[in-house]
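Remarks on the structure that follows.
The values are calculated or read from the model by the stated rules, or taken from the named source; none is laboratory data. The structure displayed is predicted, hence computed values, not measured ones. Cβ atoms come from the backbone with ideal geometry, glycine included; neighbour counts cover every protein chain shown. The accessibility values were calculated without ligands, DNA or RNA, using every heavy atom of the protein model including side chains. Shrake-Rupley method; radii C 1.70, N 1.55, O 1.52, S 1.80 Å.
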Amino acid sequence: MKQPAIFDVIIIGGSYAGLAAAMALGRALRNVLVIDSGSPCNKQTPHSHNFLTNDGKTPEEIARLAKQQVRMYSSVSFLEGLATACFKTERGFGVQIHNGEEFTARKLVFATGIRDIMPSIPGFAESWGISVLHCPYCHGYEVRHQQTGIFANGDTAYELSSLISNWTNNLTVYTNGKSTLTEQQQTKLTAHSIKIIESEISKLENINGYIQNILFTNGTNASLRAMYARLPFVQHTSIPQESGCELTQEGYIKIDPAHRTTVYGLYACGDNTTRIRTVANAVSMGTTTGLMVNKELIEEDF
Ligand SMILES: Cc1cc2nc3c(=O)[nH]c(=O)nc-3n(C[C@H](O)[C@H](O)[C@H](O)COP(=O)(O)OP(=O)(O)OC[C@H]3O[C@@H](n4cnc5c(N)ncnc54)[C@H](O)[C@@H]3O)c2cc1C
């Protein structure tokens with residue numbers, strides 16, 4: 001397809017949220033460019049769960065099918081690459097990619113996701129998404145009733161423990177240093193037979209990402225089958241902030257119910273905007289964003 005000089009919409013990020021937005025916009029006859037660098041957050045997960053019609057497929061299979069379906073709409077173009085900057089133009093916005101090439105559009109959508117920051121514990125990153133888990137709704141069923149750890153401290157450890165106790169009663173909190181749980185929280189956890197281990201972790205022994213043991217710096221160890229962690233994160237790209245989009249206190253891109261950021265013409269959807277981190281939610285947000293962007297374009301032109 002010959003690319004238009006100016007697109008209606010450029011979508012940065014072509015995973016679930018971006019592809020859903022692209023489908024909605026393609027079906028609305030819009031010229032769309034999807035720029036994607038190919039690094040979705042769940043790429044290491046062997047099976048993705050809890051997305052109706054695709055339960056248990058690999059993340060890649062779901063994305064491949066989605067792309068195949070979006071490609072049916074000939075006004076949507078794809079570009080594999082990294083968007084490196086965004087700038088204002090007379091009629092909208094420009095996006096520069098890694099090789100210096102520039103593309104322009106009337107509206108931009110950031111569907112860029114977030115990047116989890118791994119602790120520097122050997123074995124942790126290798127096990128992320130395989131047996132070190134971010135969400136019980138995505139993976140809890142597969143490790144139900146198993147020996148499970150919570151890698152957290154303080155309020156987060158307390159919240160996660162109570163959540164995960166729905167899936168297993170074989171739970172231990174690993175605070176990896178002195179516990180910052182309150183006395184009240186500790187008493188409640190103990191009442192639910194949830195143990196608290198403060199020893200510093202030296203390694204997660206694993207086979208192909210499946211945890212076997214936690215090793216501690218004091219020479220002891222504990223056997224384990226799964227561990228939950230709520231990791232700190234950064235936005236996958238700093239382009240939204242550099243373009244003036246405000247972030248929330250938690251670090252998500254601030255959006256209104258129509259997925260508009262705080263900068264007119266810039267939209268955001270998916271993991272970069274919300275704690276509800278599921279494929280289904282990313283798709284839902286992407287679809288809504290497509291609708292809302294198209295509505296704004298119609299209103300500007302009609
Ligand atoms: C380990 C793990 C396992 C998970 N398992 C499940 C599960 O089983 N079930 C479930 O429902 N959910 C699961 N999730 C959550 C789910 O993967 C996310 O909610 C979903 O991927 C969010 O989609 P997204 O499109 O917002 O972001 P992502 O899927 O993270 O995609 C963002 C895309 O934007 C691209 N990008 C970023 N910056 C740029 C740039 N500057 N230029 C070009 N491209 C860029 C990236 O390369 C990437 O392709 C899991 C998450 C993790 C971390």
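Candidates are the residues of the stretch 231-254 that are assigned to a loop (DSSP other than H, G, I, E, B), over 16 Å from the mean Cα position of the chain (by Cα) and within 23 Å of Thr89 (Cα to Cα); the one that is nearest to the ligand (Cβ to nearest atom) is Ser243. Pairs linking a residue in the stretch 4-29 that is more than 17 Å from Leu266 (Cα to Cα) and of a type in the set (Lys, Arg) to a residue that is more than 14 Å from the ligand (Cβ to nearest atom) and not in a strand (DSSP E or B), with Cβ atoms under 8 Å and 6 or more positions apart or on different chains, are Arg27/Tyr73.
When only residues in the stretch 280-302 that are of a type in the set (Val, Ile, Thr) and open to solvent by 20 Å² or more (accessible area, probe 1.4 Å) count, which is farthest from the chain's Cα centre (by Cα)? Walk me through it before giving the result.
Step one: of the stretch 280-302, the residues of a type in the set (Val, Ile, Thr) are 283, 287-289, 293, 298.
Still in the running and open to solvent by 20 Å² or more (accessible area, probe 1.4 Å): 283, 287-288, 298.
On the way: Val283: 12, Thr287: 16, Thr288: 18, Ile298: 30 Å.
Within the stretch 280-302, the match that is farthest from the chain's Cα centre (by Cα) is Ile298.
For the stretch 85-102, the tally of residues that are more than 15 Å from Val263 (Cα to Cα), free of Cβ contacts under 8 Å to residues at least 60 places away in the same chain and surrounded by 15 or more Cβ atoms within 10 Å (Cβ to Cβ) stands at 1.
Listed here are the strands (runs of 3 or more DSSP E) enclosed by the stretch 1-108 that have at least 1 residues being within 11 Å of the ligand (Cβ to nearest atom), over 30 Å from Gly140 (Cα atoms) and hydroxyl-bearing (Ser, Thr, Tyr): 83-88.
Does Tyr267 count as open to solvent by less than 30 Å² (accessible area, probe 1.4 Å), within 16 Å of the ligand (Cβ to nearest atom), outside the structural domain of Leu160 (by TED's automatic domain parsing) and more than 29 Å from Leu204 (Cβ to Cβ)? So Tyr267 passes the test. Count of the stretch 109-130 residues, restricted to those that are in a loop (DSSP other than H, G, I, E, B), more than 7 Å from the ligand (Cβ to nearest atom) and of a type in the set (A, V, I, L, M), is 4.
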